[in-house]
1. Give the ranking of A:Val423, B:Val544 by solvent-accessible surface, highest area first, calculated with a 1.4 Å probe.
2. Quick check for you: which residues of the stretch A:212-235 have the amide N under 17 Å from the point 7 Å beyond the Cα of B:Arg329 toward its beta carbon?
3. For the stretch A:285-302, in order, what is each residue's ³J(HN,Hα) by Karplus, 6.51 cos²θ - 1.76 cosθ + 1.60 with θ = phi - 60°, in whole Hz (x at glycine and Pro)?
4. Provide the per residue accessible area, probe 1.4 Å, for the stretch A:82-218, rounded to a whole number of square angstrom.
5. Using r as the Cβ-Cβ distance of A:Ala376 and A:Arg190, and R0 as 25 Å, what FRET efficiency do you calculate, to the nearest 0.05?
6. At 1.4 Å probe size, what's the solvent-accessible area of B:Arg325? Round to the nearest 10 Å².
7. At 1.4 Å probe size, with no ligands or nucleic acids counted, give the accessible surface of A:Val382 in Å², nearest ten.
8. Let me know the mean shielding of B:318-328 by other chains, meaning the per-residue number of their Cβ atoms within 10 Å of its Cβ.
Number of protein chains: 2
Amino acid sequence: MFSYQPPLRDMQFVLNDVLRAPRALSELPPFSEVDADLIQQVAEEAGRFAKEVLFPTNSVGDAQGCRLTEQGVVTPDGFRDAYQQFVAGGWPALACDPAYGGQGLPHTLNVILYEMLCSANQAWTMFPGLLQGAYECLHQHASQELKDRYLPRIVSGEWLATMCLTEAHAGSDLGLLRTRAVPQEDGSVRITGNKIFISGGDSDLTENIVHLVLARLPDAPPGSKGISLFLVPKFLPEGSNELGKKNNVLCVGLEHKMGIHGSPTCSMDFDEATGWLVGEPHKGLAAMFVMMNSARLHVGIQGLGIAEAAYQNALAYAQERLQMRAAVRPANRKNEPADPIIMHPPVQRLLMTQRAYVEGSRMMALYCGLLLDQAAHHPDSVRRTQAEERLALLTPVVKALMTDQGFEGASMALQVFGGHGYVRETGIEQYLRDSRIAMIYEGTNEIQAVDLLLRKILGDGGARLQDFFDEIKHTTIEKAGGEMETYAQRLNRLLADTGQVLTHIGQLANSDPSLPFMLAPDVLRLLGHCALAWLWLQAGAVAVAGDSGDLRFYQAKVHTARYYFEFVLPEADQRLSILRSAVQNSKEGRSLPLLSDVMEDYAS
Amino acid sequence: MFSYQPPLRDMQFVLNDVLRAPRALSELPPFSEVDADLIQQVAEEAGRFAKEVLFPTNSVGDAQGCRLTEQGVVTPDGFRDAYQQFVAGGWPALACDPAYGGQGLPHTLNVILYEMLCSANQAWTMFPGLLQGAYECLHQHASQELKDRYLPRIVSGEWLATMCLTEAHAGSDLGLLRTRAVPQEDGSVRITGNKIFISGGDSDLTENIVHLVLARLPDAPPGSKGISLFLVPKFLPEGSNELGKKNNVLCVGLEHKMGIHGSPTCSMDFDEATGWLVGEPHKGLAAMFVMMNSARLHVGIQGLGIAEAAYQNALAYAQERLQMRAAVRPANRKNEPADPIIMHPPVQRLLMTQRAYVEGSRMMALYCGLLLDQAAHHPDSVRRTQAEERLALLTPVVKALMTDQGFEGASMALQVFGGHGYVRETGIEQYLRDSRIAMIYEGTNEIQAVDLLLRKILGDGGARLQDFFDEIKHTTIEKAGGEMETYAQRLNRLLADTGQVLTHIGQLANSDPSLPFMLAPDVLRLLGHCALAWLWLQAGAVAVAGDSGDLRFYQAKVHTARYYFEFVLPEADQRLSILRSAVQNSKEGRSLPLLSDVMEDYAS
């Protein structure tokens, strides 16, 4: 009963009609040959892999989980086969540098690919997702020797990779980590320490695994400025291209988690393991952060992928399941004992809310994919910088909002299934469990909020934000007419209100330094709605003028745009109300009602 | 590390200071002896049982789950022992009729008991919870003969009970059920059919189980008006008090669920099982609905119980876990490498939001407990009716809002734990999984919303609502002063805004019959905030004037009241904005953007 259909039509709409991606991409020298046909072809192939090869492994992966054996970690049935087909299809190489065997296609296509992979099997998708992160990190920072040795194997997917960051007492705060790296005479280091929560720390998918490990050199200053990045392979290289002896890296335990059972979360023991420095000493965190934008976008896409899959199945179930009589019944159902639950308005609310966020998030993700490509390849350096700044602003929003809504969306889908959704065999509750982690890893959503407000907005005096708001006004609001005009006015007012309250927060930040930290979560949701409303306004305008050959699609799009503005956007009123009240309290010097001394245990 | 402390101090505050429960209860003839000391004594004993006996079985129950064997359902280790201690302590009899062995204490005390039981182990608590429901149902509807035979065993807890309602195609819509009851010459019936999702359908806790089964008599009209209620014991009675032969009722399967693993969710097969009619023929649904108020309050309390336990553990973790430097650091921590995460404002936001809902929900639950007692026992019939009407209004709010927040609260607690929260052994993710079901059973939260708006508000032309709002104005708002005055004004405005938008919805309901169904979920949250704001205003006022001997408690209470008004209540602005916009659209005849034809699958 459970199924997944790649949302190719909607992707096409977003890329061609809303973002005009084929033209934008063809302006970038490496992608001058990219056009709508090529994008469509890649999307179809990726969709086929996701639906036919990967999706059938999803519930098996959840039920079986990974096992730690004497030979290492064993993945669930079908994972290895799916991975081999993924590698044979050349998918890991999609957006990689041709110099190392990559296909050199736009990151925008990777966004399409990864949305569908995450819909099909989030746990499995973490393996290639980490590969992508390691590729970017090494490509930018490793020595030519390391790149020549490792990148071709990573680009092809022949070897997998991990990010070994977290330690038991150093999670969000990597500055506290203790793993040590001792330099050797041959230029290598010996690494000793314990890492936890290492996704894909060991597996049977590939014969070798390349670990990127954060550790301290002996002369390292304390805190986050004393952390260096090292490459530590599971098997040491021998000769030009052979696998030599096993390195002293061992997976010593697997976490039992709420979800993503198909992804092994490993405790790793490094016992004088051999590694090599990547980038400069003590600048390991900076090297990791370079790939932050794409890594956080990737996690946001996990939320989108799961929300899409959950929505599709809730929609199908709501069309089938017969319970109660609708308030308004069509003539031809008057004698039926019950109607499909999709006819009940509260169920429609659940589904439409899911849909408005899913389609809105897809626009946001693909827009950011395009920005990544422009930031890397636009011939005009001013445009490159603009794209980079815009990405810096939107990345925390994408990561936090889309993962929040992935979890929310899965929960709403479960609600549509009712009691049947709470039962494991239906499959929907797996989405709820799988989606929950994305609100935590790659920087908790609270950290995203602080990053957004403190660094990305207040950090440059609001310049990035102003630039974004100006573009919204000049490219979209001023041009909106007809059915969308009211919504354009709403968005215009929202931008003014948001700008105003952020100015106040900025002014108060010096005298009340806790204030922006406290309000950051609301600011993130608020800016998220500015971005979503902007994208929905564009989508609505395009759909109103849409081709009559696909009338139902465009009508549904206009309806969903209206739904977004009428039922989803009002969250902005809640957030503005919180922010204004807090600003007023701060101005009048009233202490905020969340000091930690209130927090004492009140139990007797 | 994981722990649970009965929140006795806060219960005492709510009962004695806010609700003045001892006095209100002593006005009811059966409870003339009840005073603050008695309440405190029962609360302490109940807390001891919950903490010391029941809480240790919670994670075991989740890990082991229930098993179906040839001898029937086997519960997890410790469940049987805890149940025996529960029975030995006389807890099932707490609020039951002394004529059948009950202690005859107020329902308000049951609310205290069940909050703590649900905090300690929600899955286990479903056993006695169902017992309570069956007791009320039989006590009101069964013949004297059935009462004499069954009630003493149920009141003592010696036998457990179930509610056999759901069938595969009849969940929310019981009118569709197909189980048949064929009358026999001896006055009994033979029942045949299959029921699913039967909590506690079989177990090893007691030697007998009393099933309350909905089925159709041969002459039954179709739909919900043809459903009768029957009592079907697992073992048939023999002689005066002996257990006879096994009845033809069998648990044929257990669901594998996302959570509440310790509660067996059974598929039950009735194969000409012997039963007896309870109440009148074809009036089974009405008989079940009589106990709806207390059953739905009970489910709301599950949300409260889990939110409390999750909050306590998140609070403790946030005080211990050291990560990052706070924006404002106390002088004595300036040289520490990191601060407890409770010092980070976004973490404080998570904790304070949990706390504001937990303490607010506790006030709401205990207020409803008091109303239950008044509805049953007030000497003045006008007051009895008033209490009943108020309960009818608030019950769907309590059920939906408190279960929403149970799940939300568990999710926020998990977020405080970060990656460690996603790991099973920490224990926090069990709360997330366990709490999710309460949003579905005993009427989904969408059904609660429709019940509230269509039946409880529009159904009597807003009389119950007006009565509630009048009381809020005259007893609370007009008396609020000092620090709470601003909040009293806010609440006053909220009541006016809510009343106004509901009047509009009522006026439009005839011409636009889908409208109230569509807006019901927002109305429920809005009315929930009217009630919470009212209770927080009272709590705040009492705490401002609070005894200096417990200054920290009262200060924390005032802070939490302020937090509620500043950060939680603004959800009302979101809901009002949605409602107003929908009313405006409906007035102007614009179709609502959620017709089911929009819902078609848009995947290619």
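The values are calculated or read from the model by the stated rules, or taken from the named source; none is laboratory data. Keep in mind that this is a model prediction, so the values were computed, not measured. Backbone-built Cβ (ideal geometry, glycine too); neighbour counts: all protein chains shown. What goes into the accessible areas is simple: the full protein's heavy atoms, side chains included, and nothing from ligands, DNA or RNA. Shrake-Rupley method; radii C 1.70, N 1.55, O 1.52, S 1.80 Å.
1. Working: A:Val423 10, B:Val544 70 Å².
Largest accessible area first, the residues go B:Val544, A:Val423.
2. Only A:221-226 pass the distance filter.
3. Karplus-based 3J(HN,Hα) across the stretch A:285-302 equals 5, 4, 4, 5, 6, 4, 8, 4, 4, 6, 5, 6, 4, 4, 5, x, 5, 4 Hz.
4. Working: 4110 Å² over 137 residues.
Here the residues of the stretch A:82-218 average 30 Å² of exposed surface.
5. About 0.10, to the nearest 0.05.
6. Near enough 110 Å² of accessible area.
7. 90
8. 5
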